[in-house]
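The values are calculated or read from the model by the stated rules, or taken from the named source; none is laboratory data. Model, not experiment: these values are computed from the prediction. Backbone-built Cβ (ideal geometry, glycine too); neighbour counts: all protein chains shown.
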Amino acid sequence: MSTLDNEPENSDYQLQKIPNALLIADSFASEVKGKTGLARILKATGYSIEGFKAAYKYEAAFRQVIWLNVILFITLIFMPFATPIKMLLIIVSFLSLIVELFNTGIEACVDHTSTKQHPLAKIAKDVGSAAQFLALLLLFVLWSMALFSFL
């Protein structure tokens with residue numbers, strides 16, 4: 001049995017070699033999720049809902065991005081944009097939410113690892129924040145371009 005680099009031999013996250021050189025994580029999560037079928041889809045959906053709830057409850061930035069996008073979606077309904085423009089604005093709104101979820105996950109992982117200040121922890125958090133900044137900047141730029149197309 002091979003393990004990940006720098007992982008202790010008795011780690012819960014050991015890798016098992018299986019035919020065709022595939023690797024499967026031997027962890028609690030893989031056992032709980034199941035292997036195939038509707039049960040796995042339902043469990044994955046439940047985990048996703050729990051993720052949304054946790055992000056909304058514990059992350060103010062996620063709540064802000066949610067409500068910003070609710071306002072933008074309502075505005076979009078009443079704006080006479082062409083369908084491709086509306087589609088693009090919806091895509092970039094979802095992108096901003098997706099990036100904020102990743103950023104929230106990165107912050108949670110870093111904080112779980114250690115609450116001490118460390119240069120690598122700062123880089124991880126700052127890079128996640130920068131990604132969200134770019135997603136929101138893109139949202140702003142595309143909305144501005146769409147609105148200025150009426151002038």
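This table checks each residue for (1) out of contact with any Phe, Trp or Tyr (no Cβ under 6 Å at 6 or more places or on another chain); (2) modelled with pLDDT under 95; (3) charged (D, E, K, R); (4) within 26 Å of ALA108 (Cβ to Cβ).
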| position | (1), (2), (3), (4) |
| --- | --- |
| TYR13 | yes, yes, no, yes |
| ASP26 | yes, yes, yes, yes |
| LYS33 | yes, yes, yes, yes |
| ILE74 | yes, no, no, no |
| PHE78 | yes, no, no, no |
| ILE90 | yes, no, no, no |
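Only residues that are among the hydroxyl-bearing types (Ser, Thr, Tyr) and surrounded by 15 or more Cβ atoms within 10 Å (Cβ to Cβ): list them for the stretch 77-108, please.
Of everything in the stretch 77-108, those that are among the hydroxyl-bearing types (Ser, Thr, Tyr) and surrounded by 15 or more Cβ atoms within 10 Å (Cβ to Cβ) turn out to be SER93, SER96, THR104.
Scanning the stretch 48-74 for residues that are of a type in the set (Ser, Thr, Tyr) and either loosely packed, with under 12 Cβ neighbours inside 10 Å or in contact with a Leu (Cβ under 9 Å, 6 or more places away or on another chain) (or both) turns up just one, SER48.
The listed residues are LEU120, LEU134, and the only one of them that is free of Cβ contacts under 8 Å to residues at least 60 places away in the same chain and closer than 30 Å to LEU88 by Cα turns out to be LEU134.
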